[in-house]
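The values are calculated or read from the model by the stated rules, or taken from the named source; none is laboratory data. Just so you know, these numbers come straight off a predicted model, no measurement behind them. Note: ideal-geometry Cβ built from the backbone for every residue, glycine included; neighbour counts use all protein chains shown.
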Amino acid sequence: MDEICIACLLTSEIEHTFSKDELKSLSENHAELTFKTGEIIVREGSLTSNVAFLKQGLVKLHMKGPVFEQIIKIEKAPAYLTLSSTFGERINHYSVTAIEPSTICFIDLSVFIRFVNNNTKFTKMLLAELCKNELISYHRCLNRTQKQVRGSIAENILYFANEIYHSDSFILPLHREEFGYLIDATRESVSRVLSEFHNEKIIELNKNQIHILNKEMLELISKNG
């Protein structure tokens, strides 16, 4: 049996649901590739013949809009990236791009679907993941439409600190325009608010390096929108 799939992050939550034969099949029907920052992993509009699993790294999910690009979500490892295209018309409705060096496992689609059909515990795990992502999308939609730019930027700084890097000091992986695509704001608005936070001593800002100085104030701004 291939030791790669046994030790992989993919098995961290489902190692007790996969049989030895399923792990062997997974090992024999996947390809592992590494992408540099800025490289496209999945292209919007392309046909899918596999399921992409983010083993290591950080990526953005984004779609083309009538005016500008929209960043749907920032995703960290470990995570499935293309489940929404697995059982439908099998067209990728969004692109996935590495915003940090990332390792992706591409799993053969027919093998993955066989796991779903035959392994009920695995299927329940996938459904739970889809439901969680759907609720996250609802909350993000609500915040995008009702929070002002200061509240949205505060919310996302906290997200990077608490959920992505687990540190109050980190390098923001998005440039100002991308940050705007994430929160529905202009590059100028993002730059202005970040400078305001710096001048108000809420954060220390040095180019893309952020150090949170007053987390309570940042949380208050995020809460009040």
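Annotation: of all residues in the range 127-171 being among the acidic types (Asp, Glu) and closer than 20 Å to Lys223 by Cβ, the one that is surrounded by the fewest Cβ atoms within 10 Å (Cβ to Cβ) is Glu163.
Of the strands (runs of 3 or more DSSP E) lying entirely inside the range 92-180, the ones with 2 or more residues being under 21 Å from Ile41 (Cα atoms) are found at 95-98, 102-108. For Tyr159, the conditions (1) farther than 29 Å from Leu213 by Cβ; (2) at pLDDT 90 or above are fulfilled apart from (1). Against the conditions (1) modelled with pLDDT of 90 or more; (2) surrounded by 16 or more Cβ atoms within 10 Å (Cβ to Cβ); (3) acidic (Asp, Glu); (4) over 30 Å from Ala185 (Cβ atoms), Glu32 satisfies every one except (2). Selection of the range 181-219 for residues being part of a helix (DSSP H, G or I) and either of a type in the set (A, V, I, L, M) or at positive phi (or both) yields Leu182, Ile183, Val190, Val193, Leu194, Met217, Leu218. Determine whether Glu75 is acidic (Asp, Glu), under 27 Å from Ala31 (Cα atoms) and crowded, with 16+ Cβ neighbours inside 10 Å. Yes, satisfied.
Of all residues in the range 44-72, those that are of a type in the set (D, E, K, R) and surrounded by fewer than 13 Cβ atoms within 10 Å (Cβ to Cβ) total 1. Among the residues of the range 196-210, those that are touching a Ser or Thr at 6+ places or on another chain (Cβ under 8 Å) and surrounded by 14 or more Cβ atoms within 10 Å (Cβ to Cβ) comprise Leu205, Ile210. Screening Met63 with (1) without any contact (Cβ under 8 Å) to a residue 40 or more places away in the chain; (2) within 30 Å of Asp21 (Cβ to Cβ) gives one miss only, at (2).
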